[in-house]
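Since the structure comes first, as structure tokens, the remarks are kept for the end.
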Amino acid sequence: MPSTTQETPRRRVRLTPDERRAQILEAAARIVAEKGFYGLSLQDVCDAVGLSQPGLLHYVRNKEGLLQLLVEQRYDRRFDPDDFIATGDPAATHPDGVSLPAYLRYLVRNNARTPELIRLYMVLGAEAASPEHPAHEYFSQRPDGVWWLYSQTTWRLPPEVGPWEDQRGLVEMCIEAMDGVQVRLFRDPPVELEDQWARFEQVLFPSPVWDDYR
């Protein structure tokens, strides 16, 4: 005897534009981390989020536009110095300024919780060594961008190291060391990012000069 029970059709949840854009970026980040930018197709993203290509192009102009959103909104806009200050950590709210070693520990700690974004950055960074890659300019200019961003914050520095304007070399070494440590997250066996960074911190911010500024 046929069943008389009828299934109630599922109501389609309508996402806001911001929610849909976040969904697109999450799917694209996952695909790029697996396949690289050149292995990404817009159809892959459409299939992942349930959109047609015209629907997807409403949010991103083209594949290059999607890459720009990925880098600027998915990777860059996270865990910046203002985010650290907003935590209320005493090292971030000292009246004389923010502790640079403490901020970098905060950055490493949060990066360790988002390995998919680290993989995205690594894959794009390797591909972008080619001048033809659409992210080549972004990665070439990244040191300038990081320096500009950090220079918007007042940092509490030991008098022995001089003013902030003299710290660009230190900042670049910190970012380069962090990039190197993050690569090892995907080696076998993987490393603990925070433990590894603690070792680098002792070299980059040596005692006793930095002991009261951590």
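Read-outs throughout are calculated quantities, based only on the coordinates presented, and are distinct from any laboratory measurement. Worth saying up front: this structure is predicted, and the values here are computed from it rather than measured. Virtual Cβ from ideal backbone geometry, glycine too; neighbours counted across all protein chains shown.
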Where is the GNM fluctuation largest for the chain (alpha-carbon springs, 10 angstrom cutoff): 79, 139, 186? 186
Using θ = phi - 60° and the Karplus form 6.51 cos²θ - 1.76 cosθ + 1.60, what ³J(HN,Hα) does each residue of the range 131-143 get, whole Hz, x for Gly and Pro? x, 7, 6, x, 9, 4, 5, 4, 6, 5, 8, 4, x
With log10 I(q)/I(0) by the Debye sum over Cα atoms at q = 0.08, 0.13 Å⁻¹ as the read-out, I listed (1) -0.45, -0.80; (2) -0.38, -0.84; (3) -0.33, -0.81; which label goes with the value calculated from this structure? (2)
Taking a ≥ b ≥ c as the square roots of the eigenvalues of the Cα gyration tensor of the range 92-151, is the shape rounded (a/c under 1.5), prolate (a/b larger than b/c) or oblate? oblate
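Counting helices only, and only those DSSP H runs with n ≥ 4, report the 222 nm mean residue ellipticity of the chain as the sum of -39,500 (n - 2.57) divided by its residues, in deg cm²/dmol to the nearest 500.
Calculated at 222 nm, the ellipticity per residue is -16500 deg cm²/dmol.
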In the range 67-214, taking the dipole from +1 charges on Lys and Arg beta carbons and -1 charges on Asp and Glu beta carbons about the Cα centre, the listed residue (110, 175, 79) farthest towards the positive end is 110
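Compute the Cα gyration tensor for the range 90-214, then decide on rounded, prolate or oblate, letting a ≥ b ≥ c be the square roots of its eigenvalues: rounded whenever a/c is under 1.5, prolate when a/b is larger than b/c in the other cases, and oblate in all that remain.
Oblate shape, in that a/c is at least 1.5 and b/c is the bigger or equal ratio.
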Working note, the range 14-75: Cα radius of gyration (Å, one decimal) and Dmax (Å, whole number) are 10.4, 31
